[in-house]
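This report refers to the structure that appears directly beneath it.
The values are calculated or read from the model by the stated rules, or taken from the named source; none is laboratory data. Keep in mind it's a predicted model, so treat the numbers as computed, not measured. Positions of Cβ are generated from backbone atoms using ideal geometry, with glycine treated the same way; all protein chains shown enter the neighbour counts. The protein model used for the area step is the full one, side chains on, heavy atoms only, and it has no ligands, DNA or RNA in it. Shrake-Rupley method; radii C 1.70, N 1.55, O 1.52, S 1.80 Å.
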Amino acid sequence: MIETQSALALVPAVLREVAEYREVKAGEMLFRLGVRPRSILYVIGGEVRLLRHARNGDEIILQRSNGGFIAEASIDARAYHCDAVVTAAGAVLCLPIQAFKAALAQDNMFHQAWAAHLAREVRKLRARCERLSLNTAAARIIHYIEAEGVDGSVTLNQSRKAWAAELGLTHEAMYRTLRRLQAGGVLNMDRNRNFSRLSLL
């Protein structure tokens, strides 16, 4: 598993040995708002989302993972502040929180790797906050390509509908904007979810 999940190589063997492997199905709740955290979750495959619900019932996506750690802030929380829902079948590793904390205290390399991971997550969150503050769909799409891609190109690891939700757009607005950007020579896209910026807006 380490060969396909490079981040797990940073987790000490003593912690991997107590991890629980779970296959999960779409629609399954991994935890609910208000429940005391027991494990740190690592998404191996599929998709997991952290969700809250607005007063009108709309879902608010706080985090989405197709692979890697999720809900890292729960390590010191008395209760979860959201729900975790499986949106695509896959598998997760459940790493007991107390064992996780002990490993961080005892293994300096793991501690440093965890700190570096959290720093990367903060940078991603800042980029997402900046993106959602942009007023137009086109600006959000271009910002995503520039911030998340390499040399003005990005390959999506999710559906366009899921991407629209992440950008705070309806999928209809997303599709209209993508067509307009491509027609205007600003963006190139193909059926394999590859997007490349051709020119500035």
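General observations
- GLN63 vs. criteria assigned to a helix (DSSP H, G or I) and of a type outside the set (Phe, Trp, Tyr): no
- Strands (runs of 3 or more DSSP E) (entirely within region 107-201) containing at least 2 residues that are crowded, with 18+ Cβ neighbours inside 10 Å and in contact (Cβ under 8 Å) with a residue 12 or more places away in the chain: 194-197
- Answer residue from region 45-86, given it is under 12 Å from the mean Cα position of the chain (by Cα) and β-branched (Val, Ile, Thr) and is surrounded by the most Cβ atoms within 10 Å (Cβ to Cβ) among those: VAL48
- Taken across region 6-21, residues that are at pLDDT below 90 and either of a type in the set (Ser, Thr, Tyr) or in contact with a Ser or Thr (Cβ under 9 Å, 6 or more places away or on another chain) (or both) do occur, with at least one present.
- Single residue of region 154-188 satisfying the filter (among the hydroxyl-bearing types (Ser, Thr, Tyr) and at pLDDT 85 or above) that is nearest to LEU50 (Cα to Cα): THR170
- Qualifying positions in region 22-36 - open to solvent by 60 Å² or more (accessible area, probe 1.4 Å) and in a loop (DSSP other than H, G, I, E, B): LYS25, ALA26, ARG32, LEU33, VAL35, ARG36
- So GLY90, is it within 17 Å of the chain's Cα centre (by Cα) and open to solvent by 20 Å² or more (accessible area, probe 1.4 Å): yes
- Residue within region 88-103 that is among the polar types (S, T, N, Q) and either outside any helix (DSSP H, G or I) or in contact with a Gly (Cβ under 6 Å, 6 or more places away or on another chain) (or both) present: no
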